[in-house]
Each structure stands twice: as structure tokens, then as C-alpha cells.
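S.K.: Take a look at the following structure, please.
The values are calculated or read from the model by the stated rules, or taken from the named source; none is laboratory data. Predicted model only: the values in this text are computed from it and were never measured. FYI the Cβ positions are ideal-geometry reconstructions off the backbone, even for glycines, and counts take in every protein chain you see.
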């Protein structure tokens with residue numbers, strides 16, 4: 001066999017061996033992602049499926065405790081990021097053990113099946129496909145949360161909802177219409193640029209639930225002005241409004257842009273919620 005042919009043959013064998021190893025890799029060796037549980041939620045309310053990923057605390061199977069549960073919107077991106085990050089923060093005891101639930105479309109674009117622009121939004125005169133938040137809220141309340149709390153030891157008194165950008169808009173939608181569904185809300189760089197007036201009013205029942213939900217809203221210092229300016233207007237409005245249906249904490253995240261803010265908003269929001277709740 002000629003030398004050049006021999007080298008090419010060896011490269012082929014090596015690449016085949018590496019591909020074989022990659023295919024057989026045990027994903028649990030990525031310990032920060034834990035033992036990922038997957039469920040397909042066939043939603044009768046949406047008429048389509050959601051992909052649900054669940055990360056359980058490290059000692060979940062060694063005790064009978066109920067755990068706080070954090071629901072992550074845009075879970076196809078936020079779940080792998082936050083599952084690993086939360087695991088990392090646990091090394092320093094910055095955050096407690098929780099169940100993480102990632103809610104995913106399994107796609108990044110509407111053409112591929114990502115419905116976030118509909119599901120996460122209140123109505124907008126500028127976008128006729130916006131406005132599905134009330135239906136998505138019902139999906140969480142009547143389908144996803146019951147499924148999670150039936151299958152896992154999820155504490156119904158400690159549910160937290162996390163969302164970024166349009167996901168942050170949905171967090172505020174829920175906080176302004178049904179805050180008792182979650183005891184904590186974390187909205188990162190909420191995108192309110194096409195329907196801000198909706199979010200300057202209360203849309204829930206006249207009587208606020210007790211105890212009050214906790215709401216953390218953050219805006220990145222270097223977020224795009226199209227997002228940051230309406231977010232700051234929302235913050236200014238609700239900081240002075242009384243009464244409010246939640247305990248409100250607002251922060252500017254120094255040095256953060258629209259996307260880089262996501263993990264820092266998560267960290268600060270979760271730390272604040274548990275330090276303030278006393279649990």
C-alpha cells in the first residue's frame with residue numbers, strides 16, 4: 001500500500017473510531033447536567049406538543065423531601081445552561097437544591113416549530129400573531145404543573161417561573177394576571193417594546209393572594225434600547241404603584257447585554273428569592 005493511501009486509510013479508521021465513541025458516550029458523564037428526564041407534553045389546549053426536560057437534585061432518590069421547582073421558559077436553550085449553572089452554584093452553597101423543568105419547542109425559529117412569539121405574549125396592535133399568553137398560562141396551570149407535581153416531589157408552595165426577553169414578557173403577564181400560580185417570578189430583560197401599555201395595568205382579581213408572590217425584574221446595562229427603555233418605564237411605573245400584588249425587586253445588571261444577562265439574572269433572582277423568602 002502506498003504511503004499516501006496508508007495515511008488516508010489510517011485517518012479513516014481513526015475518524016470511524018472517534019465517531020463510534022461519540023455515539024456511545026454516556027451523557028451522564030456530563031455530571032453538571034445530571035440525569036435528564038424527558039417528557040413529551042401533548043397539550044390539548046395548544047393542539048401541539050411541548051418538550052419537557054427535568055433535572056432532579058443530587059440526593060433526590062435518597063430522601064422523601066419535596067423540592068422547590070424552577071420552570072424555565074425557552075428550555076431548549078435555558079435548560080442546559082441553567083442546569084449546569086445551578087449545579088455549579090451548588091458547590092458554593094449559593095442556591096438550594098431544586099427541581100429544574102425546561103419547557104422547550106425543540107426548535108429556534110417559528111418555521112421550525114417555535115411558537116414563543118405567540119405563546120409568551122400579550123396582544124399587540126403591531127403583531128397579529130402575538131397574544132397567546134392566556135392560553136399558554138392555562139397550559140402551565142392545568143397541564144404542565146399538575147404533570148410535574150404528580151410525577152415528582154415538587155413543592156407546590158415554592159414554584160418559580162424564569163423567562164428572558166419574550167419569556168420575560170410572559171413572566172410579567174403571569175405576575176399581572178395570576179401571580180399566585182407561582183410563588184416567585186424572575187423576568188430577565190423583558191421585551192415589552194410592542195405592547196407596553198398592557199403591562200402598566202393590573203389584570204387579575206381585585207383581591208391579591210396571600211402571601212404575596214415575589215417578583216424579580218432585571219435589565220442589562222447594555223441591553224438594546226428598544227428593549228431597555230420600555231423595561232425601565234415598566235420598572236419606574238410599578239416601583240411607585242400601590243398596592244402591588246407582589247414583593248418587587250428590580251435591578252440593572254452592570255455590563256450585561258440582552259443575551260449575556262441570562263445567567264446573571266437567573267443567579268441573582270434565585271438567590272434573592274430564597275434569601276427573602278426565608279426558606
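S.K.: Which one is farthest from residue 262 (Cα to Cα), of the residues in segment 188-235 that are in a helix (DSSP H, G or I) and touching a strand residue (DSSP E or B) at 6+ places or on another chain (Cβ under 9 Å)?
M.R.: 198
S.K.: Same structure, new question: Going residue by residue through segment 8-21, is there one that turns out to be touching a helix residue (DSSP H, G or I) at 6+ places or on another chain (Cβ under 6 Å), over 18 Å from residue 158 (Cβ atoms), in a helix (DSSP H, G or I) and at pLDDT below 95?
M.R.: No, every residue in segment 8-21 fails to be touching a helix residue (DSSP H, G or I) at 6+ places or on another chain (Cβ under 6 Å), over 18 Å from residue 158 (Cβ atoms), in a helix (DSSP H, G or I) and at pLDDT below 95.
S.K.: Considering only residues that are farther than 18 Å from residue 193 by Cβ, without any contact (Cβ under 8 Å) to a residue 60 or more places away in the chain, surrounded by 14 or more Cβ atoms within 10 Å (Cβ to Cβ) and over 21 Å from the mean Cα position of the chain (by Cα), which ones fall in segment 220-279?
M.R.: If the condition is that a residue be farther than 18 Å from residue 193 by Cβ, without any contact (Cβ under 8 Å) to a residue 60 or more places away in the chain, surrounded by 14 or more Cβ atoms within 10 Å (Cβ to Cβ) and over 21 Å from the mean Cα position of the chain (by Cα), then 244 is the only one that fits.
Listed here are the residues, each with its yes/no results for (1) at pLDDT below 95; (2) loosely packed, with under 14 Cβ neighbours inside 10 Å; (3) out of contact with any helix residue (DSSP H, G or I) (no Cβ under 6 Å at 6 or more places or on another chain).
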site: 33; (1), (2), (3): yes, no, no
site: 36; (1), (2), (3): yes, no, yes
site: 47; (1), (2), (3): yes, yes, yes
site: 54; (1), (2), (3): no, no, yes
site: 67; (1), (2), (3): no, no, yes
site: 70; (1), (2), (3): no, no, yes
site: 76; (1), (2), (3): yes, no, yes
site: 80; (1), (2), (3): yes, no, yes
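S.K.: Within segment 169-187, restricting attention to residues that are touching a residue at least 60 places away in the same chain (Cβ under 8 Å) and not in a strand (DSSP E or B), which residue is surrounded by the fewest Cβ atoms within 10 Å (Cβ to Cβ)?
M.R.: The extreme case among them is 176.
S.K.: Under the condition of being in contact with a helix residue (DSSP H, G or I) (Cβ under 7 Å, 6 or more places away or on another chain) and in a helix (DSSP H, G or I), which residue from segment 141-166 is farthest from residue 82 (Cα to Cα)?
M.R.: 141
S.K.: Among the listed residues 142, 93, 155, 128, which satisfies the condition of being farther than 17 Å from residue 74 by Cα, exposed (fewer than 14 other Cβ atoms within 10 Å of the Cβ) and at pLDDT 95 or above?
M.R.: It is 142.
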